[in-house]
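Taking it in order: structure first as structure tokens, then the write-up.
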Amino acid sequence: MAKNLTGHMALLVAAKAIRCKTLQGKLLLLYYCGNADSTGYFYKSYVDAVIETGISERTIRRYNEEWEKHGFMRTVEPAKFSGKSTDYYLSIPKIQAWAKASPVDKLKDAARIAGKERVKAWRENNPRMTKKPVLQRLQDAICVNGQT
């Protein structure tokens with residue numbers, strides 16, 4: 001993660017680095033960070049968030065409660081039927097700390113290494129399939145044991 005980032009860009013970089021439990025959580029986090037200003041403040045109604053993300057209001061409220069409990073964000077809901085939007089405050093330092101602790105890079109590296117090991121094992125078990133050009137492989141397949 002880049003150092004010395006502040007404001008809106010810091011939120012987006014941190015949100016991209018965070019590994020969430022579900023795709024909905026990741027989408028909602030990126031949506032919030034994309035709407036926040038340089039101080040982490042933004043306002044949206046639940047209706048707007050539901051329409052723009054496709055996530056149910058109940059799920060959005062559940063994520064808001066969970067993230068508030070962890071201190072990543074704070075919401076101030078207006079009185080019911082007031083017609084006002086919910087105010088959100090994202091904690092930039094806490095989201096950056098969450099991103100730093102997120103295991104995304106380690107998981108990507110582990111998946112990359114596991115993939116290379118699978119390919120190596122497959123190639124050892126299938127010696128005819130090497131990194132030859134496609135034309136050479138076709139010629140080899142056609143001319144088995146010197147026969148055409």
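The values are calculated or read from the model by the stated rules, or taken from the named source; none is laboratory data. Not measured: the values here are computed from a predicted model. All Cβ positions, glycine included, derive from the backbone under ideal geometry; neighbour counts span all protein chains shown.
The set of residues in the range 29-52 that are surrounded by 16 or more Cβ atoms within 10 Å (Cβ to Cβ) and closer than 20 Å to Pro93 by Cβ comprises Leu29, Leu30, Tyr32, Cys33, Asn35, Ala36, Gly40, Phe42. Within the range 26-49, the set of residues being among the basic types (Lys, Arg) and either touching a residue at least 12 places away in the same chain (Cβ under 8 Å) or over 18 Å from Glu66 (Cα atoms) (or both) comprises just one member, Lys44.
Rundown of residues vs (1) under 18 Å from Ala99 (Cβ atoms); (2) aliphatic (A, V, I, L, M); (3) out of contact with any Leu (no Cβ under 9 Å at 6 or more places or on another chain), yes/no style:
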site: Gly34; (1), (2), (3): yes, no, no
site: Gly40; (1), (2), (3): yes, no, no
site: Lys44; (1), (2), (3): no, no, yes
site: Val47; (1), (2), (3): no, yes, yes
site: Thr53; (1), (2), (3): no, no, no
site: Arg58; (1), (2), (3): no, no, yes
site: Arg62; (1), (2), (3): no, no, yes
site: His70; (1), (2), (3): yes, no, yes
site: Pro78; (1), (2), (3): no, no, yes
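Among the residues of the range 96-148, the ones that are of a type in the set (Val, Ile, Thr), under 30 Å from Thr22 (Cβ atoms) and at pLDDT below 65 come to 1 in all.
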